[in-house]
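These notes are about the structure you will find just below.
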2 protein chains.
Amino acid sequence: MPKIQVEVSARHCHLSKNDLEKLFGKGYKLTVLKKVSQPGQFSANEEIKIIGSKGELKLRVVGPIREKTQVELPVTDCYRFLGIEPVLRVSGDIKGTPGAVLVGPKGRVEIKEGVIVAQRHLHVSDKEAKDLKVKNGDLVSVKIKGVRGLTFDQVIVRAGKEHKKSFQIDTDEGNACGWRPGLEGELII
Amino acid sequence: MPKIQVEVSARHCHLSKNDLEKLFGKGYKLTVLKKVSQPGQFSANEEIKIIGSKGELKLRVVGPIREKTQVELPVTDCYRFLGIEPVLRVSGDIKGTPGAVLVGPKGRVEIKEGVIVAQRHLHVSDKEAKDLKVKNGDLVSVKIKGVRGLTFDQVIVRAGKEHKKSFQIDTDEGNACGWRPGLEGELII
């Protein structure tokens, strides 16, 4: 079975140009803290705050800017700190999801929707998808070995030219499977 | 495949008689808040604090008293709040595990070991074990369906007369599999 690197995404947000400017000021540009696995994307130096009915948390911004603002949280953060209903979605599919208040150094914005728990997913380039015999939108499984071994089902394939092979889960899922740096899973199609 | 009720254990502790008295006073007896699934065990009204190198958290006491004090935490709590190394163990097997400071209304105690992340486990009575064709110490799997469907491997069977059929996972594992009240899994032997 093909081996796939397992990456854990901590809570973070993507910002639209409009929301970036409301939070950081007119004409503001995100600055790169470090590149992440997906081509062209980066953890930014910038952080904001998200406020729910129960409390607030810091959020790392992941750049570059996107068409729509989106916050990605593990279920733990939704329940324990924020009081936001956890709604599982594929990244980008935010219609009807919960909103929140976001606060930056220069202003605040109330988003009406956009807070999601990201569905576990497998990024692959078009070539990698072909090699692995999967296509965008397929549901596959990934088996993790070890003392907390488990097999993740419902892994949605996200294939395209801006993607690069990586299996992404959130911190709850990472803790549940005993994630450690360098962990690889086995792809089951 | 046999269906098994899935229960999520939040962080909690079991106390020895000696530690109970240090924390709550000489001759103190735990009082029942509510019974839990395992025969004779209960969530107590009593809470204590656990202090690690990074911070502290409240802990519910689960009674009755045990021979040794044991704290059960999800990995999230170990890393994010306490600064305690998460060590996965079967309940009761605490030799060489991390310690912590516990604080109650009448005193504090420094335990040298006893803080564990509990290995996911299947409680069964002797009769249930026989019916399911499993025995104490076996490793089995439990499949969870739904939008965060997954199959937990490394589920250790804990069979005996004080046990009753229940599959127990922690809050990280519950969030990772989309746990909701009444969730059942399928036992895979």
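Read the figures in this text as sums done on the coordinates, not as results from a lab. Predicted model, so just to flag it, every value in this text is computed and none were measured. Cβ: placed from backbone, ideal geometry, glycine included. Neighbour counts: every protein chain shown.
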Under the helix-only model (-39500 (n - 2.57) for each DSSP H run of 4 or more, divided by the residues of the protein assembly as shown), the mean residue ellipticity at 222 nm, to 500 deg cm²/dmol, is -3000 deg cm²/dmol
Where Rh is the Kirkwood radius over the Cα pairs of segment B:1-65, the temperature 25 °C and the viscosity 0.890 mPa s, what D in µm²/s does Stokes-Einstein return? 185
Virtual paramagnetic centre 7 Å along Cα→Cβ of B:R80, amide N under 14 Å, in segment A:1-26: A:9-12
How large is the Kirkwood hydrodynamic radius of segment B:41-189, in angstrom, based on all distinct alpha carbon pairs? 16.7
Give me the percent of DSSP beta bridges within segment B:10-118 that run antiparallel, rounded to the nearest 5. 75
Can you give the FRET efficiency for A:V147 and B:K34, using 1/(1 + (r/R0)^6), R0 = 22 Å, r = Cβ-Cβ distance, to the nearest 0.05? 0.10
Options A:A159, A:A129, A:P98, ranked by Cα towards positive dipole end of segment A:45-161, top entry (Cβ charges): A:A129
Loop-only GluC sites (Glu not before Pro) in segment A:1-68, please: DSSP not H, G, I, E or B, and at most 16 other Cβ atoms within 10 Å. A:E67
Expressed in angstrom, Rg and Dmax over the Cα atoms of segment B:120-188 are 11.9, 36
If we restrict to alpha carbons, what Rg and Dmax does segment A:10-118 come to, in Å? 12.8, 36
For the protein assembly as shown, what D do you get in µm² per second when you plug the Kirkwood radius from alpha-carbon pairs into Stokes-Einstein at 10 °C and 1.306 mPa s? 71
